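Just so it is clear, none of the values below were taken in a lab; they were calculated from the coordinates. Just so you know, these numbers come straight off a predicted model, no measurement behind them. Cβ coordinates were reconstructed from backbone atoms using ideal geometry, including for glycine residues, and neighbour counts include every protein chain displayed.
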Amino acid sequence: MLHLIAATPNPAPAVVAAPAAPWWGVPVVAGFFLIVGAVLGFYFNRLRDKREADREKYQRWDQNVLNHTSRVILLSERFIIEAHEHELSVKTMGAVGVAQMQAGQPVSPPPVPVPTLARFMGTYEEITSELTSLRLVATSSIRQEAQDVNDEVWQLMMTRGSGDIYKREMTVRGSVRSLEAAVRDHFGIG
């Protein structure tokens, strides 16, 4: 019998019971994960809200840029037409004055084309107002193009003579196209 006992492998070591976890361990670990989850949730919600607010802000500013640029383009076209109308009105009034003088009629003071001048100046003021607003909300490249449009519109307003007005019209249209290209570039439109 002794022989049999020696032939059997060593009996399994006795299982030693691990000390039991303290009763407060599970609630502490659960509480820790609850607090970490709340902090991370708060952080990521704030981050998402900030991104949404930034997106809305940029959309609002972009809408302002689009509105002001569209208005500048339309007003520039109207301004060019009114420049030609005013020049034609000045020529017509001048011809009438010369005809009156040649007929021996007094011409004092010479007739002034007030309605066309008032429209012309009103449109100029609208363009400069829109350009000022655009420069306040736009990027630096758009601001530079807006300033160029402003300079060209001023030069057109000071130009007299049909031939010179046609030449200046081309430079105004060119600067407006450059402004439009800068805005398209800002929006990523090809």
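What list of ³J(HN,Hα) couplings, whole Hz, do you get for segment 40-55 from phi and the Karplus terms 6.51, -1.76, 1.60, once you set θ to phi - 60° and write x for glycine and proline?
Per residue, the Karplus-derived 3J(HN,Hα) values read 5, x, 4, 4, 5, 5, 5, 4, 5, 4, 5, 5, 5, 5, 5, 4 Hz.
From the phi angles alone, apply the Karplus equation (6.51, -1.76, 1.60; θ = phi - 60°) to segment 80-94 and give each ³J(HN,Hα) in whole Hz, x where the residue is Gly or Pro.
Karplus-based 3J(HN,Hα) across segment 80-94 equals 4, 4, 5, 5, 5, 5, 5, 5, 5, 5, 4, 4, 5, 5, x Hz.
Assign unit charges at the C-beta atoms only (+1 for Lys and Arg, -1 for Asp and Glu), then state the dipole size of segment 118-183 relative to its Cα centre in Debye, rounded to the nearest 20.
Taking the Cα centre of segment 118-183 as origin, the dipole is about 120 debye.
With a ≥ b ≥ c taken as the square roots of the eigenvalues of the C-alpha gyration tensor of segment 43-118, please select rounded if a/c is under 1.5 and otherwise prolate if a/b is larger than b/c or oblate if it is not?
Here segment 43-118 falls in the prolate category.
Putting +1 on Lys and Arg Cβ atoms and -1 on Asp and Glu Cβ atoms, find which of GLN144, LEU34, MET157 reaches farthest to the positive end of the dipole of the chain.
Going by the Cα projections, it comes out as LEU34.
Provide, for q = 0.10, 0.11, 0.16, 0.17 Å⁻¹, the log10 of I(q)/I(0) from a solvent-free Debye sum over equal Cα point scatterers in the chain.
Here log10 of I(q) over I(0) equals -0.66, -0.72, -1.02, -1.08.
Which one of ALA20, TYR124, LEU88 has its Cα pushed farthest toward the positive end of the charge dipole of the chain, where Lys and Arg give +1 and Asp and Glu give -1 at the Cβ?
Most positive-ward Cα: ALA20.
Within segment 152-190, name every residue whose backbone N is under 16 Å away from a label modeled 7 Å from Cα of HIS84 along the Cβ vector.
The answer is 156-157, 160-174.
About the Cα centre of segment 37-139, how large is the charge dipole given +1 on each Lys and Arg Cβ and -1 on each Asp and Glu Cβ? Please answer in debye to the nearest 20.
Details: 12 positive and 12 negative charges, 103 e Å.
Taking the Cα centre of segment 37-139 as origin, the dipole is about 500 debye.
For the pair GLU180/TRP23, report the inter-label distance in nm, with labels modelled 7 Å from Cα in the Cβ direction.
For the pair GLU180/TRP23, the computed spacing is 8.2 nm.
Any chance you could give the angle, 0 to 90 degrees and rounded to 10, that helix 162-187 forms with the longest Cα principal axis of the chain?
In the chain, helix 162-187 runs at an angle near 10 degrees to the longest axis.
Which of the lysines could a cross-linker bridge to LYS91, judged by Cα under 28 Å and excluding same-chain residues fewer than eight apart?
Cross-link targets: LYS167.
Which of ALA103, ALA146, ALA138 moves most in a GNM of the chain, Cα contacts under 10 Å?
Maximum among the listed residues: ALA103.
When the helices in the chain are scored as -39500 (n - 2.57) per DSSP H run of 4 or longer and the sum is shared across all residues, what 222 nm value do you end up with, to the nearest 500 deg cm²/dmol? Mind showing how you got there, number by number?
On the way: 5 runs with 153 residues, N = 190.
The helix contribution divided over the chain gives -29000 deg cm²/dmol.
With a cut-off of at most 15 other beta carbons within 10 Å, and DSSP calling the residue loop, which chymotrypsin sites (Phe, Trp or Tyr not before Pro) in segment 122-169 qualify? Please list them.
Numbers: sites: TYR124, TRP154, TYR166; in loops: none.
In loop regions of segment 122-169 (DSSP not H, G, I, E or B), there are no sparsely surrounded chymotrypsin sites (Phe, Trp or Tyr not before Pro).
I need the phi-derived Karplus couplings for segment 114-119: 6.51 cos²θ - 1.76 cosθ + 1.60, θ = phi - 60°, integer Hz, Gly and Pro marked x.
5, x, 5, 5, 5, 5
State the extension gain, in nm to one decimal, for the chain segment bounded by ASP151 and GLN100, taking 0.36 nm per residue of separation less the distance between their alpha-carbons.
Length difference between fully extended and current span is 14.5 nm.
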